[in-house]
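Below is one structure; the comments refer to it alone.
The values are calculated or read from the model by the stated rules, or taken from the named source; none is laboratory data. Just so it is clear, the structure is predicted and the values come from calculations on it, not from any experiment. In this analysis, Cβ positions are derived from the backbone assuming ideal geometry, glycine residues included, and neighbour counts consider all displayed protein chains.
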Amino acid sequence: MWGAICGYDKRPETEQKHIANAFLLACLLDYRRRDKIDDPWNAVYKFFENGPEFRDDLWRKIYETPEEEWRSDFAFRRHKLHRERPPHNRLWPIAEAITYWFDGDARLIWKDKDAFSTLARLHWIGAGEQISRMIVGALKDCGYVKGKGDPKADVRICRVIGRSILGEAIPTSRPFSAIRICREIHPDDPWELDGPLWLLGEKTCTSIAPDCDRCYLRERCAYFQKNRTM
Ligand code: SF4
């Protein structure tokens with residue numbers, strides 16, 4: 001997903017707003033594995049194909065759709081942005097905030113802002129705490145904002161950090177416990193732990209059967225040490 005936003009400012013001005021808005025929409029959808037369509041860009045670009053009126057002024061067009069209409073069965077089925085209703089419905093108040101405060105242009109959320117200010121703005125428009133962290137991280141990776149960031153403490157990162165440091169996975173209901181540990185491990189920029197931890201949680205430290213024999217954290221992992229001596 002980062003591929004689309006990195007370098008968008010080198011594209012013609014007429015495309016930049018569209019790309020930034022599409023990137024933000026794809027992030028807000030926050031697909032999980034069970035959503036089957038694991039690339040939210042597919043859903044976003046099908047959405048634009050089916051509704052070309054949204055392409056150039058996405059947030060304003062959503063906001064101009066009466067809220068009841070946006071929340072209707074018809075709109076949910078027509079736009080096919082998400083398999084569940086709440087992620088679809090919540091786009092309307094977010095569109096309202098982006099239209100009112102940022103002129104419908106996602107770029108203005110992060111333009112000339114540091115990571116912390118961008119995080120606060122995303123959180124404030126209703127993007128959600130962990131999704132906001134992910135968006136800030138993507139913008140940092142692409143060089144659009146500077147400063148420290150936190151990882152998006154999803155189920156994988158809570159699992160790997162919890163097992164390796166505490167000996168058991170941290171419940172996703174307590175994401176800040178994982179974030180706090182990441183801040184202690186890598187205070188310069190905890191966001192830099194996001195990618196490696198996510199990969200470990202996806203490929204090696206899986207929920208059912210962690211493959212500790214292939215894990216580079218093994219010798220320092222509290223979960224591995226605890227279970228080895230049992
Ligand atoms: S050693 Fe095992 S439990 Fe620990 S982080 Fe690696 S895979 Fe997970």
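Details
- Residue within segment 205-225 that is within 9 Å of the ligand (Cβ to nearest atom), touching a Gly at 6+ places or on another chain (Cβ under 7 Å) and either modelled with pLDDT under 95 or part of a helix (DSSP H, G or I) (or both) present: yes
- Considered as a group, the residues in segment 126-154 that are in contact with a Cys (Cβ under 8 Å, 6 or more places away or on another chain) and among the acidic types (D, E) include one that is nearest to L108 (Cα to Cα), and that residue is D141.
- Those helices (runs of 4 or more DSSP H) lying entirely in segment 79-188 with at least 3 residues away from the ligand (no atom under 16 Å from the Cβ): 85-89, 91-102, 107-110, 115-125, 129-141, 175-185
Table: residues versus (1) surrounded by 20 or more Cβ atoms within 10 Å (Cβ to Cβ); (2) in contact with a strand residue (DSSP E or B) (Cβ under 6 Å, 6 or more places away or on another chain); (3) of a type outside the set (A, V, I, L, M).
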| residue | (1), (2), (3) |
| --- | --- |
| S72 | no, no, yes |
| R83 | no, no, yes |
| H88 | no, no, yes |
| D112 | no, no, yes |
| A120 | no, no, no |
| M134 | yes, no, no |
| K140 | yes, no, yes |
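- Filter pass, W198 being aromatic (F, W, Y), part of a helix (DSSP H, G or I) and either more than 15 Å from the ligand (Cβ to nearest atom) or more than 16 Å from the chain's Cα centre (by Cα) (or both): no
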